[in-house]
Amino acid sequence: MLFEGESDADNKAFLGGADFEKISKDWAVFVRFAHNPNRDKAPGDTAVVPVSRLLSDNPARDYDVAAGKITLVVADWHGNAYFTLTKKPTADDLKATLKKVPAKMEDAEKRLQKNLDAAKTAWEKKDRATALKSLLKNFKEGFVGLAAQDGTTKLYHEILDAARADLKTLQDKGDKAGLEKLAQELKGTDAAKEADEALKGLN
């Protein structure tokens with residue numbers, strides 16, 4: 001992904017030439033983003049489960065691209081970034097960087113799978129707090145589309161569905177101690193606010 005700078009001439013020259021045209025045909029898909037100096041945070045950006053930064057209203061902001069500086073972000077087909085280049089690479093340098101992406105993806109999968117396995121083990125023991133802690137570690141990495149991250153998202157929603165059912169039961173019973181414990185377990189999740197509001201409703 002080429003994030004353009006302020007100079008049209010520099011933007012055109014950054015990946016210009018027959019060598020880069022060949023790379024675009026045989027090695028990678030190039031996507032250009034017009035210069036966008038806006039770095040304001042997206043309103044209401046509170047989602048816990050990561051989404052592809054390619055779908056953002058401002059990819060330059062979400063890929064941490066310095067405003068006005070031509071930047072090449074090397075990512076996988078899901079939009080997960082692995083390398084950021086701010087100087088014009090040679091065609092050979094870019095090929096060498098592209099060759100490293102599969103290994104980076106494999107490393108990411110291994111890290112995510114390790115946390116997912118830990119979460120599954122904890123959830124089998126009904127240890128919701130520990131399971132969520134491991135899942136949230138994966139989400140903080142920001143990856144999307146990888147198999148282990150998809151598995152993380154699936155388990156996360158399974159746990160939250162169960163937590164919401166428990167929340168209703170505790171509310172119906174007026175169990176303040178139970179709600180306090182559940183609210184603590186759900187901190188940092190999409191259900192945290194619901195648990196806090198349920199507690200306030202008992203006061």
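Values for this structure:
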read-out	value
Under the span-like rule (Cα at least 15 Å along the axis, Kyte-Doolittle mean at least -1.0), DSSP H helices of the chain	91-124, 128-141, 147-173, 192-202
Ranking of SER24, SER52 by count of other Cβ atoms within 10 Å, fewest first	SER24, SER52
Over the chain, relative contact order from alpha-carbon pairs under 8 Å, at least 6 apart, %	18 percent
Förster radius 25 Å - calculated FRET efficiency between ASN36 and LYS200 (Cβ-Cβ, nearest 0.05)	0.05
For the chain, convex hull of alpha carbons as volume per residue, Å³	118 Å³
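Coordinate-derived values only; no laboratory data. Here the structure is a predicted model, which is why all the values come from computation and not from measurement. Here Cβ is always computed from backbone atoms with ideal geometry, including for glycine, and neighbour counts include all displayed protein chains.
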